[in-house]
Structures are given as C-alpha cells and as structure tokens.
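Since every read-out is calculated from the coordinates, none of them should be taken as a lab result. All figures in this text were calculated on a predicted structure; none of them were measured in a lab. Cβ coordinates were reconstructed from backbone atoms using ideal geometry, including for glycine residues, and neighbour counts include every protein chain displayed.
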Amino acid sequence: MIAFERVVVRYRGADRDAVHDVSLEARRGRMTAIVGPNGSGKSTLVRVLLGRQPLVSGRVLLDDRDLRTLSRTDVARRVAVVTQREELAFPPPVREYLALGRFPHRGARRAGAAADRDAMERAVALAAVRPLLDRTVDTLSGGEWQRVRIARALVQGGDALVLDEPTTYLDIAHEMEAFELLAQLAHDGMAVLLVSHQLNLVARFAQHLVLLHGGRVAASGTPDDVMRGEVLERVYGWPLVVTRDPAVGAPALVPLRGRPRAAPPYTHRPSDP
Amino acid sequence: MTRRAGRWAAALGVLVVLMLLSVALGAVRLSPADTVRALLGRGDPTVITIVRVLRMPRMALAVLLGAGLGISGASLQGVMRNPLAEPYLLGVSGGAAVGAVIAVSLGAAAGLVPIAAFLGAIAAVSVAFLVAQAAPGRGDSRVLLMAGVIVGAFANAAIMLLLANADADTVRGALWWMMGSVGDAAWGQVGWLALYVSVGGGLLVAWAREIDILALGEDAAAGLGLDADRAARRVYLVASLVAAATVAAAGLVGFVGLVVPHIARRMGAGGHRAVILGSAVIGAALVVAADLIARVALPPAELPLGAVTAIIGVPFFLVQLRRLR
Amino acid sequence: MAAPVARRAVVPALRTSCPNQGCLFLRLRAALAVAPFVFAACSRPAHQPARAHAPVIDVDDFGDTLRAPAVPPARIVSLNPTTTEIVFAIGAGARLAGRSQWDSWPDSARRVPSLGAAVRPNVEAVLAARPDLVLLYASADDRPAAARLRQAGIPVAAWRIDRIDDFRRAVRDLGALLGDSARAATVVDSVDRTLARVRAATASLPRVSVFMPTWENPVIAIGGGSFLDELITIAGGRNIYADLAAPSPTVALEDVVRRDPDVVITSPDGRARILADPLWRGLRAVRAGRVYAYDTTVVGRPSVVLGAAAVSIARLLHPGILP
C-alpha cells in the first residue's frame with residue numbers, strides 16, 4: 001500500500017545522504033517494521049511520508065499513486081501517522097482529541113456527520129478506549145495515552161497506519177498491549193508500518209522487517225531472514241547473539257558484554273552494605 | 001440547559017449588565033430615569049450629550065477592545081501552543097508605540113496618531129516575520145517568539161531615544177497613549193474597530209479547527225493533512241492585525257489578551273472555536289468593567305485603562321497559577 | 001486637511017514593488033486601515049454654533065476662530081492656571097463655574113469647584129458644570145476634549161502662552177470674549193508699565209549672565225522660547241541659553257559650566273538640590289554662593305503677575321535697584 005522506491009533524502013547542509021536508495025513496501029494485512037540503529041534514517045522516512053522532508057530522488061507511492069500528486073488531505077485520508085511525541089499545551093478530553101482525527105474529512109460531503117460518528121465508534125471499539133472518553137489526556141497513563149493516540153489515528157479512517165517509535169516510554173505490559181493491538185489491526189487488513197528499535201518485539205509481531213544502516217537497506221525480509229548474528233553485529237556495532245526461544249517461536253537478539261574496559265577504582269565506603 | 005451552557009449564559013448576562021452600568025455611571029451622577037431618557041434622546045441636552053456622545057461610544061469601544069484582545073490572545077495561545085502568549089507578542093505593542101510616539105513628537109493631528117500606531121504595529125510584525133524566516137527552523141513558534149522579543153526590545157530603545165530629548169508635552173502625550181484609554185471614543189472609530197474585530201474574529205473562528213490541529217504539533221498536523229506553516233502564519237497575521245487595530249484605537253491595554261483565554265478555558269470552553277468566542281465575551285466584560293472602575297474610582301480623575309486591567313488581571317492570573325498541577 | 005497629506009504619503013508607499021503575496025496583502029490591509037481614520041480625522045463636527053455673523057476676535061492656538069458672544073458668558077470653565085488668574089484679573093472671577101486642580105491663584109480661585117485635570121480634562125465633568133465658555137491649554141492632548149465640547153455646542157478657546165506677547169494676546173482675546181475689553185486693556189497696560197519700569201531701571205547696568213534651570217536631572221534650562229527668558233532680559237540679565245529656541249531645552253551640565261553663568265536662579269527646592277549636589281560645584285556661580293531662589297508666588301507663570309516677577313528677578317540680579 002505504501003511503497004518507497006529508491007528514495008534518496010539529504011538534509012540541508014549535510015555532507016551525506018540521510019537515506020540513500022531505499023526501497024521498501026508496506027502491504028495491507030501485514031505489519032512491516034523498519035529497524036536500525038540511531039541515525040540510520042528510520043524517522044526520516046516517516047518525515048517524507050508526512051510531507052515534511054523533500055526527496056532528492058526516487059518516489060513514494062500510495063496504492064500506485066505518487067505521493068507528490070496527492071494533496072496532503074488526500075494522503076491524510078489514506079494514511080494515519082502516529083508521531084513519536086505529542087505534547088498538548090491545553091490538554092483536551094479524550095473524546096474531543098479523537099474527534100480531531102476526522103479533520104482530513106472536513107468539508108468533504110456534508111453527509112460527513114454520520115461517517116464521523118461511525119469512524120469514532122469503530123476506533124473506540126478497536127482500541128478499547130471507551131472508559132477513557134471523558135478523561136482529559138493529561139490524566140492518562142503512558143499506556144492509555146498510547147492507545148488513545150492509536151485510536152485517533154484509526155479515526156482518520158485510512159487503510160494504513162504508520163507509527164514512529166510507538167512504545168519507547170512504555171513498560172512491558174503496555175508495550176505488549178500496544179503490539180497486540182497493532183498485530184490485530186494488521187491481521188484485520190490494515191497496512192501497519194512501524195519504526196522501532198525494539199528488535200525483539202518487532203521480530204515476534206511483524207511479518208516483514210527492513211533493517212537500515214547508515215541510510216541504506218542492510219537487510220529485508222521475514223524476521224528469520226533479517227535477524228542474523230553477523231548482519232546485526234555489523235549494523236549495531238556491538239557483539240550479540242541471536243537465539244530462538246521455543247516459548248515464543250521468534251528469533252531474539254541478546255547483546256553480549258562489551259570489551260572489558262578499565263573499571264574505575266572502587267573504594268569501599270563505610271556506608272556501603 | 002447543561003451546566004456549561006448555563007455558565008456562558010451567565011457570562012453574557014454579566015456583560016450586558018456591565019454595559020448598562022457603564023452608560024449609567026460616570027464622573028457625573030445621573031439618575032437611572034435620566035439615563036434612560038437621554039438614551040431615547042429626550043430631556044436635558046447636556047445629559048443627552050453625556051450619555052450618547054461620551055458614554056455610549058466609549059462603552060462600545062471598550063466592548064470591541066476587549067473582544068478583539070480576547071480573540072487575538074486566544075488564537076495566539078493556541079497556535080503557539082503556549083499559555084503565556086498574548087496579542088502584543090510579535091512586536092505589535094512596540095511597533096505601535098513607536099508609531100504613536102513619532103506622530104506625537106512631530107505634533108501630528110490627533111486623528112493621525114492611531115494611523116501611525118497601526119502602521120507601526122504592522123511594520124513591527126512584518127519585521128518579526130522576516131527575522132524569523134532568516135533563522136533555521138522557521139516554522140518553530142519559539143523562533144517567532146524570539147523575533148518578537150527582539151523587535152520589541154528594539155522598539156523600546158527607539159521610544160527611549162525619541163522621548164529622551166522631547167519636550168514635556170510630547171512625553172506626557174506619549175506616556176498617556178501608552179497607558180491605554182477609551183476616553184476619546186467616537187462612533188467613527190468604533191465602526192472601524194468593529195470591522196476589524198468582526199472580520200478578523202470571523203476568520204479566526206473559521207480557522208479554529210486548524211488551530212486545534214496545530215496544537216498537536218507540526219508533524220502531527222501534517223499527518224492530518226494540514227499545511228502547518230501556512231495555517232499558523234495566517235493565524236499570526238490576522239491575530240496580530242486585530243491586536244494592532246485595538247492598539248490603534250485605544251493604546252496599550254495589557255493583560256486582557258493573556259488572562260481572558262485562561263478564564264474561558266476554566267469555564268469549560270473546549271475546542272478553540274469555543275475558546276475564541278468565549279474569550280471575546282469575557283474580554284469585553286473585563287475591559288468594560290475596567291473602564292467603569294477607571295472612571296468612577298477617583299472622579300473626576302481617570303485612572304489609565306491599562307493599569308486597571310492589570311490590577312484586575314493579576315489576581316486572576318495568580319489564581320490560575322495556583323491551580324496548575 | 002489631513003486627507004491629501006496622508007494620501008500623498010500612502011500612495012507612493014503602495015507603488016514600490018512588493019516581493020510576494022504576503023507583502024501585498026499586508027500593504028493592502030494597511031491602506032484599508034489608513035483611509036477610514038483619515039476620513040474620521042477630516043470630519044467636521046456635526047453641530048456648529050450659530051455665530052456666523054458675530055465679529056471675529058482672533059484665531060486661537062488650536063486654529064479655531066473666536067467670535068464675540070452676543071451675551072457675555074455667565075458660566076466659565078477655565079482649565080489652566082494662567083487663564084484662571086486672568087479671568088479674575090479682568091473681574092470675571094465670580095463667573096467661574098469650574099477650574100482645574102492646578103489653578104490656585106489668586107487665593108479666591110480655590111473656592112471655584114475643581115473639575116480635575118487641566119490636560120486631558122474629564123469632558124463629562126466639564127459638561128456637567130454647564131459652561132458657556134471653556135478655556136483650555138492648547139496642547140495636542142487637549143484637542144479631542146476641545147472637539148467634543150465644540151460638538152456639544154460650547155465655545156472653546158485654547159491658548160499656549162509661552163512668551164509675553166502670547167500673554168498680551170490672550171488677555172485681549174479673553175477680554176473680548178468676556179465682554180470687557182476695557183478692563184482687559186487695563187490689565188495689559190498695568191503689566192506693561194511695570195515691565196517698562198524695570199527695563200528702564202536696569203538698562204544702564206552691566207548685564208549679569210543668568211542660568212535658570214527648572215530641573216536638575218536631566219538638566220532642563222529656560223531657553224530663548226520662554227517668557228522667563230524675556231523677564232531675565234528685562235530684569236537686566238542675559239540668559240546663557242537665549243540662543244536655544246525651545247522654551248525648556250535639555251542641556252548637559254558640562255555645557256553649563258562652559259557657558260559659565262554669573263548667577264543661578266531657580267526654585268527654592270531646586271536651589272536646595274543644587275547646593276547639596278557636589279557635581280554642581282563645577283559652576284563658578286555655585287562656588288561663589290550666587291545661587292538664588294525666585295519667589296514662586298509670582299515667578300513661573302506667564303500671567304498677570306509678570307510685572308511682579310520681573311521686579312523679583314531684577315532684585316536678585318541687581319540688589320537694591322528697585323526698592
């Protein structure tokens with residue numbers, strides 16, 4: 001549904017490309033994850049989708065239509081993006097926050113009001129946020145806030161959901177919750193594209209992985225294809241092993257201890273146990 | 001009626017009462033019967049003059065001034081995502097003051113001072129925009145904020161230079177202008193401020209949803225299909241123009257644009273459409289009340305309007321601060 | 001009129017090329033803003049007092065024509081210490097219905113009700129006094145009030161009295177307005193006679209160079225544009241700042257030292273401050289102890305006391321000359 005074709009991006013004043021010759025595809029019905037170390041160009045791709053960063057060359061297609069030929073509103077109706085962070089100076093109640101997601105559909109056909117309500121209902125049900133509707137967003141916990149943000153993206157009503165580092169500030173339980181929700185959405189037919197550095201979770205839930213390194217695609221394919229020790233070690237620059245936990249059934253990355261460094265002298269203090 | 005709607009009905013009621021009091025009270029004591037007769041054009045011609053020529057336009061100007069400042073402040077706070085934003089932020093007050101002081105020191109006719117103030121405000125906002133464009137990260141509201149501060153500081157320096165060697169009349173005239181007053185209100189002025197406030201206010205209310213979206217941040221706004229830069233820029237422009245119009249009409253009246261949107265939010269206004277409209281009502285009430293106090297506190301002397309709005313506004317603001325978590 | 005001037009200024013501004021849409025938009029808004037205010041400024045008050053046939057007395061300092069009233073005004077509001085005093089001198093003090101809070105001469109003026117500020121007066125309060133003549137100080141701040149009062153049909157006269165000639169003119173005009181030109185002429189004659197007497201007494205004496213500050217921080221001197229400068233000359237002195245055209249120019253202390261006055265004359269408070277401030281010892285006059293305080297009851301306002309003020313200053317400059 002979303003396809004990047006040989007995309008090249010360079011920031012103003014930079015001496016090398018942020019993204020070079022990257023091609024990847026996020027199809028409906030599956031979860032695609034873009035992974036890689038910091039600065040590998042993951043978030044840049046999201047900015048390109050948002051129209052906030054111009055391409056040097058290459059193109060981005062939404063269902064075979066070039067991104068540049070579509071208006072931002074058209075794009076917003078098809079693709080919903082959940083950005084890394086949102087801080088609201090004047091926190092609204094969740095209900096109103098969700099309603100903002102219908103913005104791309106404003107002024108379209110006036111029959112919109114019913115469509116708006118339906119979209120809200122569907123999103124609230126899918127993300128299971130009904131009990132939160134009357135609370136203001138600044139009273140939500142991290143996990144609740146993330147679900148609400150995903151709900152708002154769903155309210156937009158498109159077929160594609162793009163998320164930039166959606167679980168960075170969440171604990172294990174909420175992380176798993178979020179990923180399970182995303183997996184369900186993918187299973188139900190949406191194209192879910194997420195950028196994450198949580199390799200292990202991504203390996204369990206995503207059907208397609210794209211590993212970026214220095215702005216280029218270092219590997220892509222199923223989690224098994226991509227999660228290989230040599231590739232990952234090279235890309236992340238850290239000794240690691242890839243194991244497979246039978247309980248989980250997906251490859252998992254385990255970083256090893258680094259080269260022993262000269263530790264600072266430790267003097268025992270009377271107050272220490 | 002829901003509780004929220006009830007509160008707003010009460011607010012409107014308070015505004016109407018204040019408007020009536022503003023016409024009924026003043027430096028000269030008039031009986032309510034006399035006031036009503038004068039409003040209808042009957043009775044003592046002097047009383048008619050006092051009520052219709054002096055007090056009515058003044059009250060109308062105060063209403064528009066408060067509404068304009070409220071609308072402008074609410075819009076700017078939303079688009080800058082900053083609860084401390086206010087209408088004079090982008091150099092409006094500094095530029096207007098420079099324009100007015102130049103006009104006063106050149107001995108310009110009284111009718112030209114508002115024009116000079118308006119042009120000065122526009123010039124200052126334009127310069128602030130240009131300065132912000134030159135910096136990287138142009139869309140960032142903080143850059144615009146800083147540009148406004150720079151322009152304001154420059155304007156203050158210019159004013160000090162102009163006043164340092166000016167004669168006593170110029171200094172007094174300039175100072176009085178800067179303290180704000182609706183005392184010279186005439187229907188012509190009221191008409192033009194009404195035009196700016198209604199057209200500007202109408203535009204800002206129409207863009208209220210966009211301001212709601214902008215509140216999410218520029219990336220999120222882009223994700224929802226909004227050209228954040230363009231949307232933000234036109235809100236800045238129109239909000240500053242409305243503010244400039246109020247300054248041209250009545251000088252510098254501080255605190256209103258800052259405090260009123262907070263009160264509106266406290267009263268339960270949700271999206272920016274409600275906040276902007278609510279701020280118009282509360283702003284009008286605040287300025288009418290302040291002008292009333294300015295006139296009746298120490299008759300026949302008149303307190304400067306800007307001082308009274310600050311005196312009333314500060315306690316409100318302190319209450320706000322205490323309620324912050 | 002304001003309109004042609006403003007238009008001439010605005011149109012060229014619009015013609016210079018605009019780099020982009022936003023600039024054009026802004027300029028258009030600016031032009032839209034200018035026009036209405038220009039029209040407002042140009043509008044004449046709806047109601048003109050019906051005195052088209054009355055003889056013209058003069059044009060006041062606001063540029064308005066003063067005409068002789070059919071009936072002498074019975075309720076006068078004077079918002080200027082000078083004009084209040086003149087009204088009393090012409091013998092019309094009993095007809096004063098209001099004064100400003102600063103009008104305290106002569107003593108009987110204090111019994112007239114105070115209507116507040118002299119500059120930017122409270123128009124409501126003035127109207128409530130039901131005047132048929134209002135006297136104002138002609139500063140730009142007072143124009144709106146003057147316009148309002150005229151709109152309400154009340155004759156307004158505004159003067160700016162900086163020089164002794166302005167005083168003579170104001171007294172004559174006031175006399176005509178109050179219906180007692182003869183009395184007014186006597187007032188002017190009396191002042192002129194005293195001034196002539198002082199001038200004659202000091203004519204042959206050596207000029208004393210005088211510095212007259214009205215404020216010390218910053219130093220504000222009496223310049224060539226003020227009646228006090230004229231009084232100094234009449235009293236046998238030479239104002240070291242007569243070459244500056246303004247009535248009260250700001251000057252630097254260094255410059256005062258350079259001009260080296262023989263004598264410093266100022267208010268009693270000013271004298272105390274100068275004597276207490278070590279910086280001023282740079283002046284020869286201060287070191288020689290020749291810092292004098294003038295009599296504030298007569299010096300400082302360009303009113304009927306001008307003659308007495310000249311005498312007072314002459315006595316300071318040339319002691320014993322006028323018993």
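Structure notes:
- Residues C:TYR292, A:TYR97, B:TYR88, sorted so that the one with the fewest Cβ neighbours within 10 Å comes first: C:TYR292, A:TYR97, B:TYR88
- Choice from A:ALA26, A:ALA14, A:ALA218 with maximal GNM fluctuation in chain A (Cα, 10 Å cutoff): A:ALA14
- Lys/Arg +1, Asp/Glu -1 at C-beta; the protein assembly as shown dipole; positive extreme among B:GLY278, B:PHE255, B:TYR236: B:GLY278
- Here is the list for the stretch C:168-209: trypsin sites (Lys or Arg not before Pro) lying in DSSP coil, each with at most 14 other C-beta atoms within 10 angstrom of its C-beta, are C:ARG207.
- With helices as the sole contributors, chain A gives -9000 deg cm²/dmol at 222 nm; each DSSP H run of n ≥ 4 counts as -39500 (n - 2.57), and the sum is divided by every residue.
- Basic side chains Lys and Arg get +1 at the Cβ, acidic Asp and Glu get -1 at the Cβ, and with that the dipole of the protein assembly as shown about its Cα centre reaches some 840 debye.
- Cα-based values for chain A, radius of gyration first and Dmax second, are 20.7, 76 Å.
- Taking the fewest neighbouring Cβ atoms within 10 Å as the starting point, the ordered list for B:ILE213, C:ILE57 is C:ILE57, B:ILE213.
- Using a cutoff of 8 angstrom between alpha carbon atoms and counting only pairs six or more residues apart, the relative contact order for chain A works out to 25 percent.
- Taking every alpha-carbon pair under 8 Å whose residues sit at least 6 apart, chain B reaches a relative contact order of 30 percent.
- In the protein assembly as shown, the alpha-carbon atoms span a convex hull of 263 Å³ per residue.
- Rounded to the nearest 20, the Cβ-based charge dipole of chain B about its Cα centre (Lys and Arg +1, Asp and Glu -1) stands at 1020 debye.
- 15 Å reach of a label modelled at A:ARG244, 7 Å along Cα-to-Cβ, counting backbone N of the stretch A:210-238: A:222-229
- Tail beyond 21 Å, pair distance distribution of the stretch B:53-184 (Cα, percent): 47 percent
- Using Cβ point charges alone (K and R +1, D and E -1), the dipole size of the stretch C:56-189 about the Cα centre works out to roughly 340 debye.
- Taking only the Cα atoms of the stretch C:56-189, the ratio Rg/Rh comes out at 0.92, with Rh defined as the Kirkwood radius.
- Semi-axis lengths, Å, chain B, gyration tensor of Cα atoms, sqrt of 5 times eigenvalues: 33, 26, 16
- For the stretch C:56-189, the relative contact order comes to 27 percent (Cα pairs under 8 Å, sequence separation of at least 6).
- Rounded to the nearest 500, the helix-only mean residue ellipticity at 222 nm of chain B stands at -24500 deg cm²/dmol, with each DSSP H run of n ≥ 4 adding -39,500 (n - 2.57).
- Calculated on the alpha-carbon coordinates, the convex hull of the stretch A:45-100 measures out at 104 cubic angstrom per residue.
- Averaging 1/r over each pair of different alpha-carbon atoms in the stretch C:205-317 and inverting the result gives 13.7 Å, the Kirkwood hydrodynamic radius.
- When chain B is treated as a GNM with alpha-carbon contacts under 10 Å, the residue of B:ALA67, B:ALA294, B:ALA239 showing the greatest mean-square fluctuation is B:ALA294.
- Number of partner chain Cβ atoms within 10 Å, mean per residue of C:132-139: 1
- Extreme residue, positive dipole direction of the protein assembly as shown, given options B:LEU40, C:ALA288, A:ALA151 (C-beta unit charges): B:LEU40
- Highest-MSF residue in chain B out of B:SER126, B:SER31, B:SER75 [GNM, Cα springs under 10 Å]: B:SER31
- Residue-averaged beta-carbon neighbours from other chains (10 angstrom radius) around B:223-234: 6
- Ranked list, fewest to most other Cβ atoms within 10 Å of each Cβ, for C:THR214, C:THR202: C:THR214, C:THR202
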